Amino acid sequence: MQGIRRAAVLAMGLLGLSLCANAAAADLYGRVFDTLRGAMYPHAVITIGAGSGTVLRTVADGTAQFRFDGVKSGVYIVRIAEPGGREVTGRLRVTDRPATQIAHLDLAKIDPPDEADEY
């Protein structure tokens, strides 16, 4: 009987962790631009991914604005492909607070990820 109770408590705990993990997400929005070139990049393709995790992709609109909904907390590799062909790769950290976050992508200031970093 005690073993069944322990199993039930463990199952409830795992369910609680699962629900918390699903809730720990944020919506991201921002613009793609380059301060050194004084340029905005409408229709740039933005991709974020982590290791073997899910890859999310969106395309900036005509005013270079983009949005990702429901991105889980973590550190991601972000790749921005300009319509002109240049591709920039960097890091992006997402937290679960606030629920909506600004993530302006300034191509002049994005540092490439370190090989030792884990995503």
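The values are calculated or read from the model by the stated rules, or taken from the named source; none is laboratory data. Computed from a prediction, not measured in an experiment: that's the story for all the values here. For neighbour counting, all protein chains shown are included, and Cβ atoms are generated from backbone atoms with ideal geometry for every residue, glycine included.
A few notes on this one:
- Subset of the stretch 56-100 that is of a type in the set (Lys, Arg) and not in a strand (DSSP E or B) - its residue that is surrounded by the most Cβ atoms within 10 Å (Cβ to Cβ): Arg86
- Any hit, the stretch 93-113, residues being polar (S, T, N, Q) and closer than 24 Å to Arg37 by Cβ: no
- Residues in the stretch 101-119 that are touching a Ser or Thr at 6+ places or on another chain (Cβ under 8 Å), outside any strand (DSSP E or B) and in contact (Cβ under 8 Å) with a residue 24 or more places away in the chain: Ala108, Lys109, Ile110, Pro113.
- If the condition is being among the acidic types (Asp, Glu), under 20 Å from Ala26 (Cβ atoms) and at pLDDT 90 or above, then the stretch 64-110 contributes Asp69, Asp106.
- Being acidic (Asp, Glu) and either modelled with pLDDT of 95 or more or in contact with a Gly (Cβ under 6 Å, 6 or more places away or on another chain) (or both) is a property that Asp61 has.
- Among the residues making up the stretch 22-54, those that are part of a loop (DSSP other than H, G, I, E, B) and either of a type in the set (S, T, N, Q) or surrounded by 12 or more Cβ atoms within 10 Å (Cβ to Cβ) (or both) are Ala24, Thr35, Tyr41, Pro42, His43, Ala44, Ala50, Ser52, Gly53, Thr54.
- Within the stretch 33-61, the set of residues being within 15 Å of Gly90 (Cα to Cα), in contact with an Asp or Glu (Cβ under 9 Å, 6 or more places away or on another chain) and not aliphatic (A, V, I, L, M) comprises Phe33, Asp34, Gly51.
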